[in-house]
Structures are given as structure tokens and as C-alpha cells.
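The structure appears below as C-alpha cells.
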Amino acid sequence: MAARGRRRRRLATIDKYEFPPDRWYDPREHLWLWPEAGPGEPVLRVGVDALGQEALGEVVYVELVEPGRDVRRGDGVGSIEAEKMVRPLLAPVSGALLEVNRDVLTNPRLLNRDPYGRGWLFRLQARAWRLERAALLHGDEAVAAWARAELRASR
């Protein structure tokens, strides 16, 4: 049961993979973005989505650039090393890197155990959200169609 005063997160499930519907998804990089409340350009919490988790396998090392850096969509912001591969982390949108999740740096397996909770990677102050979000997916139907296509392609 959800704690008093907190709403339970509803998860959309496609095959065995879960996708919180309050997130935006970068289909190219398998990242999720969660806009935190606030007016104007949002602060975004960013992590790896369920399909990205599956592709990576067990994460053993995470490296992230230090906060304070301005990045453009597609800029490198770190890397993830897992049992199956090492992959760069690319900024899903442009903005200022506000914070990195130090817990993930010291305990990388949080990415696998709690990808939509404590396993987030970094927070970013978006700079061109209205324009750049067009390249992202949002909403049950769009996310489900993309996830099903990704699963078909991987089989």
C-alpha cells in the first residue's frame, strides 16, 4: 500500500517491461526523463529505461561528468559499464547539468534494482524543452508502440 500522502506510481507494462506513464522516453538512447514540477523550462531527472536495462545487463560501473556543465542534446555526459557492454551516456536534451546521483556512482547496481526510483543518473535544467521534446516519446500508446517494435526487432 502507498504511504499516506503519496500517490502510488502506475506502471505501463509492455511484455514484461515496465514504463511509468509520467515519464518521457528517448527512444534512441533508452533514457527516461521525468519533469519535476515547476514553471518554465523543467528540471528533468534522467535514468535508463527498462529496455535499456535489459540490453546492458548487470551494471558494474557508472561514470558521469561533474555538475555545472552546459550540454547540448547528444553531448557525452558519462558512460555505463555493464557485463554485456560499455556505452556512452548522451544528453537527451540541452541544458545545464545540475546534479549527478552519487548513490549510483558508488552503487551502480541501483540502475538494475530500482531504475525508475533510486537508480536515476542525473538532473538537468532543460534549455529548449518545448522544441527538443518532439524527439521524445510520451503517453501510453506512443511508448507501447515503440517498446513493442523494439522487442520485435531484438528477437
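Computed from the coordinates by the stated procedures, all read-outs in this text should not be read as laboratory data. Here the structure is a predicted model, which is why all the values come from computation and not from measurement. When we count neighbours, we look across all protein chains shown, and the Cβ atoms used for this are built from the backbone with ideal geometry, even at glycine.
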Give the residue, chosen from ASP49, ASP103, ASP70, that is acidic (Asp, Glu) and under 15 Å from the mean Cα position of the chain (by Cα).
ASP49
Only one of GLU132, GLU150, GLU81 that is surrounded by 15 or more Cβ atoms within 10 Å (Cβ to Cβ), over 22 Å from PRO27 (Cβ atoms) and not β-branched (Val, Ile, Thr)
GLU81
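Here is a yes/no grid of residues against (1) touching an Asp or Glu at 6+ places or on another chain (Cβ under 6 Å); (2) without any contact (Cβ under 8 Å) to a residue 60 or more places away in the chain:
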| position | (1), (2) |
| --- | --- |
| VAL77 | no, yes |
| PRO92 | yes, no |
| ASN107 | no, yes |
| LEU121 | no, no |
For region 109-155, name all the residues that are within 23 Å of GLY74 (Cβ to Cβ), in a helix (DSSP H, G or I) and of a type in the set (D, E, K, R).
ARG130, GLU132, ARG133, GLU150
Can you tell me how many residues within region 52-94 are touching a helix residue (DSSP H, G or I) at 6+ places or on another chain (Cβ under 8 Å), closer than 23 Å to GLU132 by Cβ and small (Gly, Ala, Ser)?
1
